[in-house]
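Take a look at the structure set out below.
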Amino acid sequence: MTAECFTKSAGNLSIQTHRKIKGFTVERVNLRNVPNSSFPDTMGIVAKMTDNRAVSDPRSQGSVPNMAQMATQTPPVRSVDVKLDVELRKVFKVYNGEPAVRGIDLGIRRGEFFSILGPSGCGKTTTLRMIAGFEQPSAGDILIRDRSMLNVPPYKRPANTVFQSYALFGHMTVWENIAFGLKIQKCSRSETQDRVRDALKLVKLEHLANRFPTQLSGGQQQRVAVARALVNRPAVLLLDEPLGALDLKLRKEMQVELSTLHRELGITFVLVTHDQEEALSLSDRIAVMNLGKVEQTGTPEQIYDRPQTPFVADFIGETNLLRGKIEGAHPQTLWIRTETGIKVTVQQSNTANPLTSGWVMVSVRPEKIQISSALPADSMNCFEGRLQDVMFLGTHVHCLVQLKSGDRITVRQSTASEIPSANTPVYVHWNAADSLALPESWEA
């Protein structure tokens, strides 16, 4: 596909130019050669590199499509002090003229637990498959340890993937499944035994080494898949919704195990998930994707407490969204009238680039709202309504309030709070600092 064809098929997509990057020191890593023969995909899952010798950059051989050259000619700036294990530079993926990934830039730091989070169809799994090498980008560049992975097959990349389906070989024992990649790499028998034994110990499955996958529980199969990936000592471990097939209790247990493994190994984990709680609890940083774009990247606290778009606010956790227009603005405060006529005061979160006018979405988390039968002394952000529903959920009480304006507000209270009876008049109120005003229109 030519650059002209890509521009036509991708519709309104455009490749944007970044500032030029200064030179930086590249950490040299040693890597053993792997035969150039082509492996089936199932073998590619486990037949990876033991160490990390630099793979030749395909761009020097003139093998990169024109549109990829356009996308990568001016990479984004990053600090010389930041070591990145995975870097995506203006990456696009187009299927039959429809863009699935729209020019995303990501830098995944060495040793961090990084999650790509988003709803079904947002492009997160496609992004992970491009990092793994199972898909090739239509444009842009993907680097692992500062080396371009364009046209590098999966089995030659210093990364291993753990799939939701586990992809274990049913005719092999646990030991044989884990040792398979080492066998392909022609490791010595003694080295294979030592590394498989270490991998089994790491996932606490030494006593099940001679069982077949069908004789294991879902959680045990998942641990075998993780061990099979880790035995090859990858620079990056890719996790494609690995806990999705497990029941709730087992999923919680495996989340703890993954977190412990990451802490002990110190290598980079990249997790793809649609489970917000899973991403928030496990990750050092999270990239939230929507419609093929990254809407926000940040720590779990930043993503939850300071979402930058209405989508992120609504997708991460639970929130109340009220559409309104700015009637007055101050560098630190906004006065907003909603479509239903109520006046809301919001503390500006971005004082460096404050909002001054236009339509916005006001976001208020349910746990930030107070509910009472009596009128509070402070009338700011205080609204009268009727308590329609009260649900006890163990750790908290979920309340639904219908305001006189017609807005429906969700409130979360602790079980120790005094909750008025259902179908009684109440007041809801919150502090200006506990709400956000988010621009209604946003471009990635």
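Listing for the model above:
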item: Positions within the stretch 145-167 being part of a loop (DSSP other than H, G, I, E, B), within 17 Å of L237 (Cα to Cα) and touching a helix residue (DSSP H, G or I) at 6+ places or on another chain (Cβ under 6 Å), in sequence order; result: Y166
item: Subset of the stretch 138-166 (residues that are open to solvent by 20 Å² or more (accessible area, probe 1.4 Å) and either of a type in the set (A, V, I, L, M) or under 19 Å from the mean Cα position of the chain (by Cα) (or both)); result: F163, Q164
item: Criterion violated by A374 - all others in (1) open to solvent by 30 Å² or more (accessible area, probe 1.4 Å); (2) more than 24 Å from P439 (Cβ to Cβ); (3) in contact with a Leu (Cβ under 8 Å, 6 or more places away or on another chain) satisfied; result: (3)
item: Candidate set from the stretch 168-193 (those that are among the hydrophobic types (A, V, I, L, M, F, W, C) and not in a helix (DSSP H, G or I)); member that is nearest to the chain's Cα centre (by Cα); result: L168
item: Complete set of residues in the stretch 101-132 that are part of a loop (DSSP other than H, G, I, E, B) and crowded, with 23+ Cβ neighbours inside 10 Å; result: G118, C122, G123
item: Checklist (1) part of a loop (DSSP other than H, G, I, E, B); (2) modelled with pLDDT under 70 applied to A71, failing item; result: (1)
item: Looking only at the stretch 288-311, and only at residues there that are open to solvent by less than 20 Å² (accessible area, probe 1.4 Å) and more than 12 Å from the chain's Cα centre (by Cα), the one that is nearest to S120 (Cα to Cα); result: G292
item: Scan of the stretch 197-233 for residues that are surrounded by 23 or more Cβ atoms within 10 Å (Cβ to Cβ) and either hydrophobic (A, V, I, L, M, F, W, C) or without any contact (Cβ under 8 Å) to a residue 40 or more places away in the chain (or both), ordered by number; result: A199, R223, V224, A225, V226, A227, A229, V231
item: Residues that are touching a strand residue (DSSP E or B) at 6+ places or on another chain (Cβ under 7 Å), closer than 23 Å to L436 by Cβ and of a type in the set (S, T, N, Q), drawn from the stretch 249-303; result: Q276, S283, Q296, T297, T299
item: Verdict on A416 being exposed (fewer than 13 other Cβ atoms within 10 Å of the Cβ) and over 19 Å from A432 (Cβ atoms); result: yes
item: Residue list for the stretch 234-253, filter: at pLDDT 85 or above and either surrounded by fewer than 18 Cβ atoms within 10 Å (Cβ to Cβ) or in a helix (DSSP H, G or I) (or both); result: K252
item: Some residue of the stretch 343-352 being farther than 17 Å from N431 by Cα, out of contact with any strand residue (DSSP E or B) (no Cβ under 8 Å at 6 or more places or on another chain) and open to solvent by 80 Å² or more (accessible area, probe 1.4 Å); result: yes
item: R263 without any contact (Cβ under 8 Å) to a residue 60 or more places away in the chain, closer than 29 Å to R110 by Cβ and not polar (S, T, N, Q); result: yes
item: Candidates R223, R211, filtered to the one that is of a type in the set (K, R) and outside any helix (DSSP H, G or I); result: R211
item: Number of the condition not met by G170 [criteria: (1) open to solvent by 20 Å² or more (accessible area, probe 1.4 Å); (2) closer than 19 Å to V288 by Cα; (3) not charged (D, E, K, R)]; result: (2)
item: Inter-residue pairs, beta-carbon under 7 Å, first among the small types (G, A, S) and in the stretch 166-186, second in a loop (DSSP other than H, G, I, E, B) and buried (at least 19 other Cβ atoms within 10 Å of the Cβ), 6+ apart; result: A167/I45; G181/V46; G181/A47; G181/K48; G181/V231; G181/N232
item: Conditions (1) closer than 24 Å to Q302 by Cα; (2) aliphatic (A, V, I, L, M); (3) more than 29 Å from the chain's Cα centre (by Cα); (4) surrounded by 17 or more Cβ atoms within 10 Å (Cβ to Cβ): number failed by A432; result: (4)
item: Which numbered condition F383 fails, given (1) at pLDDT 95 or above; (2) assigned to a loop (DSSP other than H, G, I, E, B); (3) not polar (S, T, N, Q); result: (2)
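The values are calculated or read from the model by the stated rules, or taken from the named source; none is laboratory data. Here the structure is a predicted model, which means the values were calculated and not measured. As a convention, Cβ positions derive from the backbone with ideal geometry for all residues, glycine included, and neighbour counts pool all protein chains shown. To get the accessible areas, we keep the full protein, side chains included, count just its heavy atoms, and leave off ligands, DNA and RNA. Shrake-Rupley method; radii C 1.70, N 1.55, O 1.52, S 1.80 Å.
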